[in-house]
Structure formats: C-alpha cells, structure tokens
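What follows is one structure encoded as structure tokens, with my remarks underneath.
The values are calculated or read from the model by the stated rules, or taken from the named source; none is laboratory data. These numbers come from a predicted model, not from an experiment. Because the Cβ atoms are built from the backbone with ideal geometry, glycine has one as well, and the counts that use them run over all protein chains shown. Only protein heavy atoms, including side chains, enter the accessible area calculation; ligands, DNA and RNA are left aside. Shrake-Rupley method; radii C 1.70, N 1.55, O 1.52, S 1.80 Å.
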Amino acid sequence: VGEGISESLIHLEIDRQPAEAMPGIERTIRAVLGDVRSIVVDWRVMREQMLEVADDLATREMPVSDAGRVEAQEFLRWAADDHFTFLGYREYEVQGKAGAEMLVPVEASGLGLLRGKEKGHARPLKSLAAHYMPQSGSVDALILTKTNARATVHRPGYMDYIGVLTFDAKGRPIREQRFLGLYTSSAFN
C-alpha cells in the first residue's frame, strides 16, 4: 500500500495448542517458508533449464525414435508453459559404485527444494527399470512419475517427477536431469 518496498503479508491462525507443541509448530512453519523462499528464488532458473533441456534433446544421443524425441520436446515446452509448478531440480550422473551402476547427485546442481541437498543417497540405476528397459526395447525419452514425498508447499500431494536421461553412444544412460513439482490445474483442464 502506498510507496516503499513491496511486501506480502500472511496471517496464520492456529487452534489452541499446548505450550510444548509451539516449538515444533514454529520449526514447521519456518521450514515451509524456507522451502517457499528457495522455490521462488530458483523458479525462473528451473523453468529456463527445462526449456534448455527441450532444445538440447534435438542433438542428444537417444535410443528413441525421432517421433519420441519430438514428443518429449513438445511435452517439456508444454510443461514449462505454466502447466508445471517447479519445486526442485537436480542432476545425477551414473557412476560405478560397489559393483553397481548408481545415480549420484551432481554437486551444486540442486535448485528449489533440492538446493544444497546434494549429499543425498546414491540410487541404483536399475531403480529406473520401469522406465528404462533396453533389453525389452522399451526406452522412453522422459521418465514421468510421482515421488514418494509430498509437497510442502502449494498443495500437499505427492510431487510429480519429470526425468530426462542422457545416453552414451551405446544407448546406456549416463546422466539424469530431474524436475520435481506439481502439474498445475490448467494441465488437468
């Protein structure tokens, strides 16, 4: 109102709670506000990253048809056009560890909810088997699924996961770019 710095005011009303519950409530509120801050700060970069990945798919080695490549590009551009609420992004590289191929977070690649959390656990590449099965001939350019974690902002549903794999010349995955978020209501309409 008037002149000065723009601010957003939030009024929270919480039913009566015992005094011992208040520190936990305060921690939860501060954590959610921290998530919101990270997402808002990185939203534009995450969106631009998705558009860059869509453009990059034209030149990537991929064991998919040209039609599959174009469909993936169109989907990513559609999602970035206000059909996806970006909550997090991170890159992973495939590395051999303990006799298995593992998806390992790329340091300093996290944005939004995933910023500063690169110390996550490596995940076996075979955990992508439902989406990447070269032995069966079923390889998609994108991994579209749900996470096993609920969003802390926007709405409390399980987050949507859009993964984009990079392949080597032999058709083996060597990298994943992972976007976390929620499809917007316009996507469902």
Review point. What is the helix-to-structure angle for 66-80, meaning the angle in degrees between its Cα long axis and the longest Cα principal axis of the chain, kept from 0 to 90 and rounded to the nearest 10?
Key: 10
Point to revise | For Arg155, solvent-accessible area (1.4 Å; no DNA, RNA or ligand), Å² | key: 80
Check your understanding: Which is the longest run of the chain containing none of the GluC sites (Glu not before Pro) found in DSSP loop states (not H, G, I, E, B) with at most 12 other C-beta atoms within 10 Å?
Key -> 108-189
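Filter the trypsin sites (Lys or Arg not before Pro) in region 147-180 down to the DSSP loop ones having no more than 12 other Cβ atoms within 10 Å, then list what survives. It would help to have the intermediate numbers written out before the result.
On the way: sites: Arg150, Lys170, Arg175, Arg178; in loops: Lys170.
Listed in order of number, the matching sites are Lys170.
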**Study point:** Among Met102, Gly4, Phe84 - extreme Cα towards positive end, dipole of the chain, charges at beta-carbon
**Key:** Met102
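Taking the Cα centre of region 1-66 as origin, sum charge times position over the Cβ atoms of Lys and Arg (+1) and Asp and Glu (-1), and report the length of that vector in debye to the nearest 20.
280
What does the charge dipole of the chain about its Cα centre add up to, to the nearest 20 debye, if the Cβ of each Lys and Arg holds +1 and the Cβ of each Asp and Glu holds -1?
Values: 23 positive and 27 negative charges, 145 e Å.
It comes to approximately 700 debye.
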Practice item. Take the chain, connect every pair of alpha-carbon atoms lying under 10 Å apart with a spring to form a Gaussian network, then pick out the residue of Gly88, Gly110, Gly68 with the largest mean-square fluctuation. Key: Gly68
**Study point:** Principal axis dimensions, region 25-108 - Cα atoms, whole angstrom, descending
**Key:** 51, 41, 18
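Compute the Cα gyration tensor for region 1-63, then decide on rounded, prolate or oblate, letting a ≥ b ≥ c be the square roots of its eigenvalues: rounded whenever a/c is under 1.5, prolate when a/b is larger than b/c in the other cases, and oblate in all that remain. Before the final figure, lay out each step's value.
Numbers: a/c = 5.32, a/b = 1.97, b/c = 2.70.
Verdict is oblate for region 1-63.
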Revision key, fill the gap. On the accessible surface of region 6-135, probed at 1.4 Å with all protein chains in place, carbon and sulfur together account for a percent value of 52
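For the chain, what is the calculated [θ] at 222 nm in deg cm²/dmol (nearest 500), taking -39500 (n - 2.57) for each run of four or more DSSP H residues and dividing by its residue count?
Numbers: 3 runs with 54 residues, N = 189.
Computed mean residue ellipticity for the chain: -9500 deg cm²/dmol.
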**Study point:** With Cα atoms, 0 to 90° folded angle of helix 22-56 axis to the chain main axis
**Key:** 40
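Over the chain, calculate the relative contact order: mean separation of alpha carbon pairs under 8 Å at least 6 apart, over the residue count, as a percent.
23
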**Study point:** 5 angstrom amide H check on Leu87, placed H, neighbours 5+ away
**Key:** Leu180, Gly181, Leu182
Point to revise | Rg and Dmax of the chain, Cα atoms only, in Å | key: 19.3, 65
Review point. What ³J(HN,Hα) values, in whole Hz, does the Karplus curve 6.51 cos²θ - 1.76 cosθ + 1.60 give for region 144-155 when θ = phi - 60°, with x put for Gly and Pro?
Key: 10, 7, 10, 7, 9, 10, 8, 5, 8, 9, 6, 8
Exercise for review: Using a 1.4 angstrom probe, figure out how much accessible area the chain has per residue, in square angstrom, rounded to the nearest whole.
Suggested key: 63
Review point. Can you run phi through the Karplus equation (6.51, -1.76, 1.60; θ = phi - 60°) for region 12-20 and list ³J(HN,Hα) in whole Hz, with x for Gly and Pro?
Key: 10, 10, 10, 4, 3, 10, x, 4, 5
